[in-house]
Amino acid sequence: MAEAERITGTPEPEPGTGADSPVDSTAGDAADAPAEAERGAGRGKRRIAALLLVACVVYLLDLGSKLLVVAKLENHEPIQVIGTLLQFSVIRNRGAAFSIGEALTIFLTIIAAAVILVIARVARKLYSLPWAIALGLLLGGAFGNLTDRIFRSPGVFEGAVVDFIAPAHFAVFNLADSAIVCGGILIVILSFRGLDPDGTLHKD
């Protein structure tokens, strides 16, 4: 072989170089790892941005609707939206969603604050868009009602939440309550489908 290469002028590859060298697959894996981590970090930031966007939209809609109905509807006759089936009628609710637990205002305020902290903790490993939407609904709704608890009468952490959506034969609620319920339902659906907040899909 060496003689043939000498005749044709083709240099003999040195040991440990060129085609004779074994392929080091770990080098490629090591090079891909930072790129993959960077892509994952970017995806995580986009999901957190989506969560915050949903939360801000929910919060602003809830806050704006409450300011409007308090200014225009409180101490006035209810407005019939769909006859007697759906009306807008302002009440002050010191309980939880749908007027549950009116004697536990401070405790409910603590729960709302705890929910916000839990969502902030989960968001650090958030890579799923559906989970971002669900948590955004919960976060915006929790902030909406927590704002009432802090700033409305009768006092800080004891404030009454403004409810105004009054379906027939049902409790009066607000947009924050609706967002919390929708977020909770979406989380149940995602959990049944086996989708985790980090984007992994598992089957029991």
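The values are calculated or read from the model by the stated rules, or taken from the named source; none is laboratory data. Quick caveat: nothing in here was measured; it's all calculated off a predicted structure. Note that each Cβ is placed from the backbone with ideal geometry, even for glycine, and that neighbours are counted across all protein chains shown. These area figures cover heavy atoms from the full protein model, side chains too; ligands, DNA and RNA do not enter into them. Shrake-Rupley method; radii C 1.70, N 1.55, O 1.52, S 1.80 Å.
Before moving on, here are some points about what is shown:
- For the residues Asp204, Asp198, the requirement of being modelled with pLDDT under 95, in contact with a Phe, Trp or Tyr (Cβ under 7 Å, 6 or more places away or on another chain), on the phi < 0 side of the Ramachandran plot and not small (Gly, Ala, Ser) singles out Asp198.
- So Val81, is it of a type outside the set (Ser, Thr, Tyr), modelled with pLDDT of 55 or more, in contact with a Leu (Cβ under 6 Å, 6 or more places away or on another chain) and not in a helix (DSSP H, G or I): no
- Test: residue in the stretch 160-173 that is open to solvent by 30 Å² or more (accessible area, probe 1.4 Å), in a helix (DSSP H, G or I) and either polar (S, T, N, Q) or under 30 Å from Ile82 (Cα atoms) (or both): no
- Breaking point among (1) in contact (Cβ under 8 Å) with a residue 40 or more places away in the chain; (2) assigned to a loop (DSSP other than H, G, I, E, B), for Ile187: (2)
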